[in-house]
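Only one structure is covered here, and it is reproduced in the block below.
The values are calculated or read from the model by the stated rules, or taken from the named source; none is laboratory data. The shown structure was predicted, so the numbers you read here are calculated from the model rather than taken from an experiment. Positions of Cβ are generated from backbone atoms using ideal geometry, with glycine treated the same way; all protein chains shown enter the neighbour counts. Quick note on the areas: whole protein, heavy atoms, side chains included, nothing else; ligands and nucleic acids left out. Shrake-Rupley method; radii C 1.70, N 1.55, O 1.52, S 1.80 Å.
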Amino acid sequence: MATSRRVWSFSRRLKLHFSSLKPIYAAAPCVPVRFQGSSQQSGDHVITDAFKPPKEAFTLEDRPHFPGSSSKWTEKLCFVEPTRYDGIPVYRVMDRDGQIMDSTQDPNFNEETVVKMYHTMTLLNTMDRVLYDSQRQGRISFYMTNYGEEGTHIGSAAALDDKDLVFGQYRETGILMWRGFPIQQFMNQCYGNNAGGDKGRQMPVHYGCTERCFVTISSPLATQMPQGMTL
């Protein structure tokens, strides 16, 4: 009986969750379904008008697919006033097929740089899986992954000079990795042993490296701006 009650409670919460979701084409008028030419010989059923959105409805290419986002795409990188938009536009250089949208925005990376970017992003993702599992197993006390944000780290780090000072936050590990911070040192820091640069005196994920101009991460959020203003 207890199991049945728990299953019923979970099913009810699931139903309430999905009932609150808005369909992608909620704002688009629907067109009635009409079948044409139900052929006795071939058994073909041709649908001429289905419950499908009209051409002006949103598609994957029209807007970024971020939960809760009302942003549009833009190929121009510039400062904007956030109050002028329903959602701040999302900058992109390539479309979903890998085609450059605006040739003036093409960074013209050489193959070596592109391979390094891809390698660093996949390496970061792999390290995240290992350390996240370590935290869930109780081997380390704390960890925060970088899933979905790898490109922002690597793209930003690649645009900077390696001597530029960086005030990072928890989920910006890729900047250090791009600058050559060794995997072993990431492990030393997260495991809190005396081989790490902080000698085990910091919380896990609070990386820092003088040689790579990366200021040690501080626990409170939004500290980077006042810290940067003092230098």
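I need the trypsin sites (Lys or Arg not before Pro) found in the range 118-151, filtered to DSSP loop residues with at most 15 other beta carbons within 10 Å of theirs.
Loop-located and lightly packed - Arg139.
Taking the square root of 5 times each eigenvalue of the Cα gyration tensor, what semi-axes in Å does the equivalent ellipsoid of the range 128-217 have, largest first? Before the final figure, lay out each step's value.
Numbers: eigenvalues 92, 49, 18 Å².
In descending order the semi-axes read 21, 16, 9 Å.
What trypsin sites (Lys or Arg not before Pro) in the range 76-109 are in a loop by DSSP, with at most 16 other Cβ atoms within 10 Å of the Cβ?
Lys76, Arg92, Arg96
Select from the range 65-160 those GluC sites (Glu not before Pro) which occupy a DSSP coil region and have at most 16 other Cβ atoms within 10 Å, ordered by residue number.
Working: sites: Glu75, Glu111, Glu112, Glu149, Glu150; in loops: Glu75, Glu149.
Those satisfying the criteria are Glu75, Glu149.
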Pop out the carbon and sulfur fraction of the accessible area of the range 150-231 as a percent, whole number, probe 1.4 Å.
57 percent
Neighbourhood charge, 12 Å Cβ-Cβ cut-off, centred on Val166 and excluding it, Lys, Arg +1 and Asp, Glu -1:
-1
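Starting from the exponent 0.38 and prefactor 2.2 Å, build the expected Rg for the range 56-156 from its residue count and divide its actual Cα Rg by it.
Working: Rg = 17.5 Å, N = 101, 2.2 N^0.38 = 12.7 Å.
For the range 56-156, the normalised Cα radius of gyration is 1.37.
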Of Lys116/Lys199; Lys72/Lys116; Lys76/Lys116, which pairs sit farther than 27 Å apart, going by alpha carbon to alpha carbon?
Lys116/Lys199; Lys72/Lys116
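Just to confirm a number: summing +1 for Lys and Arg and -1 for Asp and Glu over residues other than Gly148 whose beta-carbon lies under 14 angstrom from that of Gly148, what do you get?
Values: positive: Arg129, Arg171; negative: Asp128, Glu149, Glu150, Glu172.
After counting each charged neighbour, the total is -2.
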